[in-house]
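K.L.:
Okay, handing you the structure first.
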Amino acid sequence: MNRNDVTEKIISTKVAKGLQWSAIASKLGRSKEWTTALCLGQMSASAEQARCLGEIFGLTDEEQKWLQIVPHKGTLQTPVPTDPLIYRWYEIVNVYGSTIKELIHEEFGDGIMSAIDLSMAITREADPKGDRVKVVLSGKFLPYKQY
């Protein structure tokens, strides 16, 4: 058994029970975005969170322990993603990455936007020409220090 096995069990149970990430997040007391990342293997759970997910998904004690292991983050199946939705994010970074970088540096100085101290919100915006996906990322600015 490994963390991927637990992720697959979570996904198959979610489908079988007709669960929604927002409902799971509500039971966990976290955002749907963070909860989904946890369940997909990109975050680690506390013992209490693992127990809660264990009840929701029928996980064994061993499977709950796998949820508490620090994962290998940022893993994709291929260097360039082939899933169309994930590829569009890759495309956004390729097209607008230098613009985002330039504007962050102009506003904040030499540093980075944290992916560790980050919050995310994904919502639906009604639009007569077709609903829109709204993604808000808020990451702490971390300046490079001089030494």
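The values are calculated or read from the model by the stated rules, or taken from the named source; none is laboratory data. Predicted model only: the values in this text are computed from it and were never measured. When we count neighbours, we look across all protein chains shown, and the Cβ atoms used for this are built from the backbone with ideal geometry, even at glycine. With ligands, DNA and RNA removed, areas are computed over all heavy atoms of the protein, side chains included. Shrake-Rupley method; radii C 1.70, N 1.55, O 1.52, S 1.80 Å.
K.L.:
Give, rounded to the nearest 20 debye, the magnitude of the charge dipole that the chain has about its Cα centre when Lys and Arg contribute +1 at Cβ and Asp and Glu contribute -1 at Cβ.
P.N.:
280 debye
K.L.:
State whether the chain is rounded, prolate or oblate according to the following rule on the C-alpha gyration tensor (a ≥ b ≥ c being the square roots of its eigenvalues): a/c under 1.5 gives rounded; otherwise a/b larger than b/c gives prolate, and the remaining case gives oblate.
P.N.:
Note, shape of the chain comes out prolate.
K.L.:
Between GLY111 and residues 5 or more places away or on another chain, which pairs have amide H atoms under 5 Å apart, with H built 1.01 Å from N, and which residues are they?
P.N.:
Distant-sequence amide H within range of GLY111: TYR144.
K.L.:
Find how much the distance from GLU55 to ARG88 grows on full extension, using 0.36 nm per residue of separation minus their present alpha carbon separation; answer in nm with one decimal.
P.N.:
Net length gain for the segment: 8.4 nm.
K.L.:
Which lysines have a Cα less than 16 Å from the Cα of LYS134, not counting those fewer than 8 places away in the same chain?
P.N.:
LYS32
K.L.:
Continuing with the same structure: For GLU8, what is the net charge nearby, where nearby means another residue's Cβ is under 14 Å from its Cβ and Lys, Arg count +1, Asp, Glu -1?
P.N.:
Net of charged neighbours comes to +1.
K.L.:
Further, regarding this structure: Where does the chain land at 222 nm, in deg cm²/dmol rounded to the nearest 500, when only DSSP H runs of n ≥ 4 count, each adding -39500 (n - 2.57), divided by all residues?
P.N.:
Using -39500 (n - 2.57) per qualifying helix, the result is -15500 deg cm²/dmol.
K.L.:
In nm, give the distance between the simple-model label positions of VAL95 and ARG3, each being 7 Å from the Cα along the Cα-to-Cβ direction.
P.N.:
Taking the simple label geometry, VAL95 and ARG3 are separated by 3.2 nm.
K.L.:
Sketch the reach of a paramagnetic label on TYR144 as a point 7 Å from Cα along Cα-to-Cβ, and name the residues of region 83-104 whose backbone nitrogen lies under 19 Å away.
P.N.:
Those under the cut-off are 97-104.
K.L.:
Can I ask one more? Looking at the chain, what % of its DSSP beta bridges pair antiparallel, to the nearest 5?
P.N.:
Antiparallel bridges: around 100 percent, rounded to the nearest 5.
K.L.:
In region 108-147, how does Rg compare with the Kirkwood Rh, expressed as the Rg/Rh ratio over alpha carbon atoms?
P.N.:
1.26
K.L.:
Continuing with this model, one more query. Give the shape of region 63-147 as rounded, prolate or oblate, defined through the alpha-carbon gyration tensor: a ≥ b ≥ c are the square roots of its eigenvalues, a/c under 1.5 means rounded, and otherwise the shape is prolate if a/b is larger than b/c and oblate if not.
P.N.:
Oblate is the answer for region 63-147, as a/c is 1.5 or above yet b/c matches or exceeds a/b.
K.L.:
Tell me, what HN-Hα J-couplings in whole Hz come from the Karplus equation 6.51 cos²θ - 1.76 cosθ + 1.60 at θ = phi - 60° for each residue of region 30-44, using x for Gly and Pro?
P.N.:
10, 6, 5, 5, 5, 4, 5, 4, 4, 5, 8, x, 9, 9, 10
K.L.:
What full-extension length gain, to one decimal in nm, is calculated for SER26 and GLU107 as 0.36 nm per residue of separation minus the Cα-Cα distance?
P.N.:
The span from SER26 to GLU107 would gain 25.6 nm if fully extended.
K.L.:
Same structure, new question: Output ³J(HN,Hα) for region 96-102: one whole-Hz value per residue in order, computed from phi by the Karplus curve 6.51 cos²θ - 1.76 cosθ + 1.60 with θ = phi - 60°, and x for Gly and Pro.
P.N.:
Working through the residues one at a time gives 10, x, 5, 5, 4, 4, 4 Hz.
K.L.:
How large is the accessible surface per residue of region 1-94, computed with a 1.4 Å probe and reported in Å² as a whole number?
P.N.:
65 Å²
K.L.:
Right, something else. Using alpha-carbon positions, what is the distance between the centroids of region 3-56 and region 85-147, in Å?
P.N.:
25 Å
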